[in-house]
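Chemist: There's a structure below that I have some questions on.
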Amino acid sequence: TTCGNILFLCGCVDERQIEKYMKEAKEKNRESWFLAYIMDTSEEEKAKGKTVEVGRAAFQTPNRRFTVLDAPGHKSYVPNMISGASQADVGVLIISARKGEFETGFERGGQTREHALLAKTLGVDKLILAINKMDDPSVGWAQERYTEIVNKMTPFLKSSGFKEDQYYFLPMSGLTGDNIKERRNTPSWVEGESFLDYLDSVPPPPRLKDGPLRIPMLDGFKDMGATMAIGKIEQGTVRPGQKVIVMPIGHKCTVTSVYINDEEMQYACCGENVVLKMHGVSETELTKGFVLSDVANPCRVVSKFKAQLQVVELPDERPVMTSGYKAILHSHVAAEECEILKLYESMSMTDRKKKEKNPRFVREGSILTCSISIARPTSLDTFLGVAQLGRFTLRDEGRTIAIGRITELPVEAKPEKKK
């Protein structure tokens with residue numbers, strides 16, 4: 001709903017469209033959802049009132065161009081949320097201020113906690129905590145409720161690894177639009193900038209423009225006979241006519257044109273969400289999780305690696321992590337089955353001095369160095385190489401069990417030296 005209202009306030013949706021959505025929402029007896037339909041376009045999402053796929057749309061503020069990725073918040077769709085958040089530079093975690101709703105999301109195993117942790121692992125460096133539904137009758141823009149939520153969230157964010165300048169609390173209402181673009185009906189205690197003003201001032205993160213090209217693919221499709229690829233450039237620059245290689249399959253092809261928000265461009269730098277027209281490749285070879293990379297310096301493809309993990313929580317039926325533990329690995333937009341091979345060293349998060357060499361098992365709340373094997377070869381990199389391709393999360397039984405970064409890849413057979 002908030003995403004829809006942002007687009008509406010920035011003038012990206014015309015009045016006629018809104019009227020159509022209002023009528024549709026009324027027919028379904030869901031009058032307050034009409035703004036959400038701007039982002040949730042499929043029938044399934046409209047009926048349930050939940051975001052399932054990751055919606056995308058673009059809007060502009062005076063100094064910046066933004067792409068909104070509306071990621072799902074519901075527990076069953078966390079894998080989709082991971083592929084949405086892994087492309088983001090700024091995260092907006094929407095927390096409900098309504099009585100009972102904040103508490104549910106914040107308990108152990110709740111979604112608010114899981115999403116904040118995932119955002120940190122997936123490389124979202126700035127987190128805006130939008131305290132939503134402040135206009136609800138049970139809240140009534142009460143300052144006490146806002147302060148209570150801020151005080152509960154702050155220690156948790158610090159333990160997830162966010163520093164003080166990396167998060168920002170902001171009270172708002174997604175439905176009435178208070179404090180999104182202008183103050184409107186907010187009471188006098190609300191200080192600081194409104195949501196869009198704050199976004200406008202956020203500096204974009206540093207990236208390598210001149211490094212070898214890396215575009216983790218979201219999807220490939222056919223458009224009027226031409227093969228198209230969608231993804232976000234994590235490193236390098238892409239231009240029409242450039243020769244690229246699709247890793248892990250090693251298929252060479254050419255980029256014929258580059259589009260940003262449906263406009264054709266001469267080139268696109270890292271950080272952009274692009275659609276590329278491809279030549280010499282079929283859409284079956286452009287699937288989610290593959291990485292388009294520079295021909296001269298392609299992305300590494302590995303089936304095992306060494307990593308440092310932080311074990312967040314383990315399911316009750318398997319309370320310890322040992323070698324041979326199987327889980328699902330999510331890295332950039334790829335999702336693969338994996339198994340933990342060998343545990344090298346562990347320490348607990350509370351007492352970082354005490355290290356245990358070659359432990360037989362670890363419990364939740366520990367930091368672990370181990371090696372992991374993947375079911376099929378995947379394009380990855382170390383965290384120091386391309387950070388976005390070197391972060392991952394492990395999930396099991398429908399919840400996030402560990403977050404980590406890749407520390408080293410297997411040594412290559414070639415004599416080339418890797419930095």
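The values are calculated or read from the model by the stated rules, or taken from the named source; none is laboratory data. Small disclaimer: the values here were computed from a predicted structure and weren't measured. Cβ: placed from backbone, ideal geometry, glycine included. Neighbour counts: every protein chain shown. Ligands, DNA and RNA are stripped out before the accessible areas are found, and what is left, the full protein with its side chains, is counted by its heavy atoms. Shrake-Rupley method; radii C 1.70, N 1.55, O 1.52, S 1.80 Å.
Chemist: From the square roots a ≥ b ≥ c of the eigenvalues of the alpha-carbon gyration tensor of the stretch 164-251, which class results: rounded (a/c under 1.5), prolate (a/b over b/c), or oblate?
Modeler: prolate
Chemist: How much FRET efficiency would the formula 1/(1 + (r/R0)^6) give for LYS252 and GLU101, where r is the Cβ-Cβ distance and R0 is 60 Å, rounded to 0.05?
Modeler: Plugging the Cβ-Cβ distance into 1/(1 + (r/R0)^6) gives 0.70.
Chemist: With a probe of 1.4 Å, find how much accessible area the stretch 120-197 has per residue, and write the answer as a whole number in Å².
Modeler: Accessible area per residue, the stretch 120-197: 44 Å².
Chemist: State the dimensionless ratio Rg/Rh of the stretch 200-258 (Rg: radius of gyration of Cα atoms; Rh: Kirkwood radius).
Modeler: When Rh is taken as the Kirkwood radius, the ratio is 1.02.
Chemist: While we're looking at this one, here's another question. Work out from phi, with θ = phi - 60° and the Karplus expression 6.51 cos²θ - 1.76 cosθ + 1.60, the ³J(HN,Hα) of each residue of the stretch 188-194, listed in order in whole Hz, and give x for Gly and Pro.
Modeler: Ordered by residue, 3J(HN,Hα) equals 5, 6, 6, 10, x, 7, 6 Hz.
Chemist: Measuring with a 1.4 Å probe in the full set of protein chains, what accessible area per residue, in whole Å², belongs to the stretch 223-366?
Modeler: 50
Chemist: Sticking with this structure for a sec: Debye sum, Cα scatterers, the stretch 315-402, no solvent: what log₁₀ I/I(0) at q = 0.23 1/Å?
Modeler: -1.27
Chemist: Let me ask something additional. Using heavy-atom solvent-accessible surface (probe 1.4 Å) with all chains present, what is the largest-first order of MET347, MET172?
Modeler: Accessible-area ranking of MET347, MET172, largest first: MET347, MET172.
Chemist: Also: Sticking with the crude label model, points 7 Å out along Cα→Cβ, report the distance from HIS279 to ARG360 in nm, one decimal please.
Modeler: 6.3
Chemist: Moving on to the next point. What ³J(HN,Hα) values, in whole Hz, does the Karplus curve 6.51 cos²θ - 1.76 cosθ + 1.60 give for the stretch 365-376 when θ = phi - 60°, with x put for Gly and Pro?
Modeler: Result, rounded to whole Hz: x, 10, 10, 9, 9, 8, 10, 10, 10, 10, 4, 9.
Chemist: If you scale each eigenvalue of the Cα gyration tensor by 5 and take the root, what three semi-axes come out for the stretch 99-200, rounded to whole angstrom and sorted largest first?
Modeler: Working through the eigenvalues yields semi-axes of 23, 17, 11 Å.
Chemist: At 1.4 Å probe size, put TYR344, TYR198, TYR267 in order of accessible surface, largest to smallest.
Modeler: Descending order: TYR267, TYR344, TYR198.
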